[in-house]
1. Compare each residue of region B:614-639 in its chain alone against the assembly with all protein chains, and report those whose accessible area goes down by 30 Å² or more; 1.4 Å probe, heavy atoms.
2. Mind giving me the FRET efficiency for B:Ala665 and A:Ala118? R0 is 22 Å, r the Cβ-Cβ distance, nearest 0.05 is fine.
3. Select from region B:362-384 all residues whose loss of accessible area on going from the chain by itself to the full protein assembly reaches 10 Å² or more (probe 1.4 Å).
4. Given a Förster radius of 45 Å and the C-beta distance between B:Asp179 and B:Ser241 as r, what FRET efficiency does 1/(1 + (r/R0)^6) yield to the nearest 0.05?
5. Determine ³J(HN,Hα), in whole Hz, for all residues of region B:243-257 in sequence, where each value follows from phi through the Karplus function 6.51 cos²θ - 1.76 cosθ + 1.60 and θ = phi - 60°; x replaces Gly and Pro.
6. Using Cα positions and a limit of under 28 Å, work out the lysines in reach of B:Lys162, with same-chain residues fewer than 8 apart set aside.
7. Rounded, prolate or oblate: which fits the protein assembly as shown when a ≥ b ≥ c are the square roots of the eigenvalues of the alpha-carbon gyration tensor, with rounded for a/c under 1.5 and prolate only if a/b beats b/c?
8. As a test, work out the antiparallel percent of DSSP beta bridges whose residues both lie in the protein assembly as shown, rounded to the nearest 5.
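The values are calculated or read from the model by the stated rules, or taken from the named source; none is laboratory data. No experiment lies behind these values; they were computed from the predicted model shown. A quick note on method: Cβ atoms are made from the backbone with ideal geometry, for glycine too, and the neighbour counts reach across all protein chains shown. Ligands, DNA and RNA are stripped out before the accessible areas are found, and what is left, the full protein with its side chains, is counted by its heavy atoms. Shrake-Rupley method; radii C 1.70, N 1.55, O 1.52, S 1.80 Å.
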Amino acid sequence: MAITFTVNGQEQSLDVEPQMPLLWALREQLGLTGTKFGCGISACGACTVHLDGRPVRSCVLPVSAVDGKTVTTIEGLASHGVLHAVQEAWIAHQVPQCGYCQSGLIMAVVGLLAQNPAPSDDQIDAAITNICRCGTFARVRRAIHSLAQRGKATS
Amino acid sequence: MNKWTRRTFIGAGTVAGGGFLLGVAGFTFAPGRHTLVGEDASEKGQLTTWITVTPDNVITVLIPHCEMGQGTLTALAMMAAEEMEADWSMVRVLEAPALGEYANGYVVRAAGGDYIPAVMARGVDYGSFKAAQWFGFQVTGGSTAVRSTGEYGMRVAGAAAKEMLLSAAARQWGVPAADCAARASRIVHAASGRSAAFGELARTAATLPVPTSPALKEPDTFTIRRTSPPRLDIPPKVDGSAVYGIDFTTPGMLYAALEIAPVQGGRLTSVDAAPAEAMPGVRQVVGLEEAVAVVADSFWRARRALAALKPVFDDAGHGAVSTTSIFAAFDAALGPPPEMPAGAARVVTADYRVPFLAHATMEPMACTARVEGDGAEVWTGVQDPLNARSVAAKALGIKPEQVRVTNLLLGGGFGRRLPFNFDYVDLAVRIAKAVSPVPVKTIWTRENDIQHDYYRPAAMSRHAGALDAGGAPLAVKSHYTGGGNGEAVFMPYAITDTGAEEKEANHPIRPGQWRSVLNSQHGFFKESFIDEMAHAAGKDPYEFRRALLGNRPRFKAVLERVAAMANWGAPLPAGEGRGIALCESFGTIVGEVAHVAVSAEGGLRVRHVYAAVDCGDVVNPDSATAQVEGAIVFALSAAMLSEITIAGGRVVETNFRDYPMIHLAEAPRITAEFIRSDATLGGLGEPIVPPLAPAVTNAIFAATGVRVRNLPIRNQAAAVGLTPSPDTRSAPPPTGGSPAR
Ligand code: FES
Ligand code: FES
């Protein structure tokens, strides 16, 4: 049974086992390797993508669960070659080190800011539970606050 | 083979002329090694081995190191560009290919013994290095990139390129080169007002001889170094386009999932392949000496089929080994505490224990290989592509020249991807050979990664110290075991009677180099004990240390700076405390103060960590600061939470649930300052780690009066009067795939 869903604005149809996690369908069937494998048990957030605009951990999400839905990955975050504000802030604050966790972190932060454009430190703590072995958290927090400031300035 | 000690350091310096680093790097970057250019050098504008300038004025710097997020590529390119007087916006970097010509650390054989870089010496200690063998290394480890490759390679290359461009312009204009100057990627002749861009001159310049000892700039004329241009490796890391080892894809590629003998050294005794072979997408079940792999058309299918197998492994006779048995052996080996001088007014003794640790790089191990006939191609992420090439060749019984290694980005290294740790390359090429000529990507699960690491060795020390009637220390001595020896036991304090003696206690858990290596254990031991001595003497732990640093101005300056940063001595509310620690490693002196708060409601919080760092000079202050911030979080995960335990000869922990990490919510505020000294450049990737654990446990003591002598701290939560607050944040969402939070 084919599973049909929209990924980064394009309709895709996959003929794979319904239990195959979305992570592997994205990486291996669709060649979208920006979404990373870190733990496979929903403990690290490296595999975070958006499902209908909300962050999910794709390593534990069966591909059948996205049938008929819309998925956005890190590759689809920029629009028409213009980086998303979170990606811009990540460069401005020089957040990534090895960078491996950053796709998932950026997707989680985009999800948070969509819900709450100016989160408090406590709200950031509660929402951003991704693991970063390089320890980039100080800059993650700073970049989020800078976006909240910018949000305030433009609203 | 000599071990790496302070004595051989001096010996090597004498032999090689002017210091060990110069010895090694002098060899690596000997004049001949700056002139490895092809026949078409002039056409390409290749000025030296490491620098090419094309007509569009783009300067490409070839870097013989890998990028793990430490900013090496950018820092090294900055060092070359500075000497070259380049326009930084036109500088690009390229990682050198895995070829012997670009090795960055050949073993240097000097009269009287074999001298090898410190980071390699650990391989010697661990017995995997054969004295008779000569290896080519292209290693990134030991925090050496900037201080060896940068100082002796990139600077010289940049300066040489500048001199060649100056000569080319001078010839063209018929003026003395001395009347010309380089500025922002142009050569200018002020007297005549003529000027030419580097790109216009490069082809001619590339025909000139490469100067072997060009003049280097004085630090006070730096215009690129000591500034913080954005790191060159960052943009592809925010849009998913960066390609890590695990991301490599090639047409027709299959995927392998792996189960390795759970007890290190164990062998595969039997496996019935039939259940896996019957499953969809499965190509082959591959039995190896120490593992079984399933090769399939997707990783998930390979993993699912692997789970259907019931391989039987032997335990190599190590089935009774456990954390308890290892520490019991340590305890016995240490014997009675070191003897203290007669006539001491007070003797202090203490035992300290630190656990095995896994690296848990964010990217699990992965390696793609294709074997055909007597050739092979390998795509992976390693801290030493040249050594990885040798490992692949050996596994396949072919010559290194018959293997091509492409090194991709590393999703974290921390020592896991150093030479001698290339089991993931070794296994991947053997699997690929079984399905030759099809390319296969072998991906390790996080469980594979945690359970089959080269672990930071568990270690134990038994310290004794003596104080005179006035509270001045007379002696500090230790017996230690498990962690190996090294300079890590060195203390800067003016105490006349000191000594550290290693005791043998062997176990079969395979050791590795983990960010800061032996210093990670010994930093905790010695800075905990000096704190205990201060307490026994009834003195403030900062003042006690400071009084013993009269002859060590750099150490003293670092200690004083970090104390000032942390407002040491200012009163704190009940339940809060500050702890201080001071360590030197990799040529860098680091002082850290941790400010902790302990309460029944809030648990144990590390609120703020201050770090003062003397690494001589800083190339890129912002990326150096990022290294400090990251290393503190890395070290805090280890100090608070991490422990690999052994039962039945196997590693018990499996994944981030039972090997938890500090999250954003627990990450402390971090303030870092660098002290510029005229000392030789020190490393930065590692030296921040050792002082963190003792700073935190010393702060816990200040806050609660409870001395934590065994890591991780979470095991001591009850003693500190807390209920442990373990890895709740890694708990799974209620249903699979619910919103990530
Ligand atoms: S890989 Fe999905 S949460 Fe870690
Ligand atoms: S940047 Fe390396 S794990 Fe986050």
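1. With the partner chains in place, region B:614-639 has these residues losing at least 30 Å²: B:Asp622, B:Ala626, B:Glu629, B:Gly630, B:Val633, B:Phe634.
2. Working: r = 18 Å, r/R0 = 0.83.
FRET efficiency, B:Ala665 to A:Ala118: 0.75.
3. Residues passing the criterion (a loss of at least 10 Å², heavy atoms only) are B:Met362, B:Glu363, B:Pro364.
4. 0.45
5. 10, 8, x, 6, 8, 4, 9, 9, x, x, 5, 9, 10, 10, 10
6. B:Lys44, B:Lys217
7. Here the protein assembly as shown falls in the rounded category.
8. Rounded to the nearest five, the antiparallel share is 75 percent.
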